[in-house]
Amino acid sequence: MTEGRPGGRSVAVAEGDDAPINEGQNEPAVKAADAPNSRRRPRVSEATPRERRELDPGTCCPDCGGDLRVVGEDVSELLDMIAAQMKVIQIARIKKSCHRCERMVQEPAPSRPIPGSMAGPNLLAHILVSKFEDHLPLYRQHEIFARMGADIPESTLVGWCGRAMKTLAPLVERIEADIMASDLLHADDTPIRVLDRSKRDKGLGKGVKQGRIWAYVRDQRPWAGASPPGAVYRFAPDWKQGACAKAPGPDVRHSAGRRL
């Protein structure tokens, strides 16, 4: 298995390399873009939390027993990761009754992103980002969650994604309206495979047809524009119906589809 970039090292070759690793902790200035690839120190954002661990030799000299004073320190960094874990939040709504009038008092149940569902907002956000941003299919997420102690059926994950998108619809519409009102948009389409149950029911192949995703991008950063960058994606069942999307406006219709 090789890294998916030109000049990437093979994982198998790296596994058999016993030489000390030098990740360029004292590396010079950044090389030109056309310079050959070389191992460099990972770049970590300054916003990443830092945890300081001090290794103190004590207060007494190990040779003569004299008092030690601080003259400096050597600091190195170790990049680590806090593994994700599932957590069940038990919401206990205490019931109380009045001694005088016997009235029952209880706090109302808190709202949930998906009414009646067990999924919390953080879990739903993780599922959506993993699927649509990291391209991690739901069946693989099912396997990952199973290793973490939660057996979530794939059908349940599909339902959560659909209902979560419905919950986020007002936010999506606001973002879409803002972007589509821009004076300049970049537009392009990409063919995708879409499930077509009608073809499968008729015995025509695997029930797959070709659809298209139209992307509208606003990016004013090259000329220091004031509007933030953003993108809108619309599905069209074929190129002809999607061609009208080249001229964005209220007449562009939304189509629903299920991507493979």
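Where a number appears in this text, it was derived from the coordinates with a stated rule and is not lab data. Bear in mind the structure is a predicted one, so any value in this text is a computation, not a measurement. Here the Cβ is made from the backbone with ideal geometry for all residues, glycine too, and neighbour counts use every protein chain on show.
General remarks:
- Nearest-0.05 FRET efficiency for residue 106 and residue 183, computed from C-beta distance (R0 45 Å): 0.25
- Normalised contact order of the stretch 34-167, rounded percent, pairs of Cα under 8 Å and 6 or more residues apart: 15
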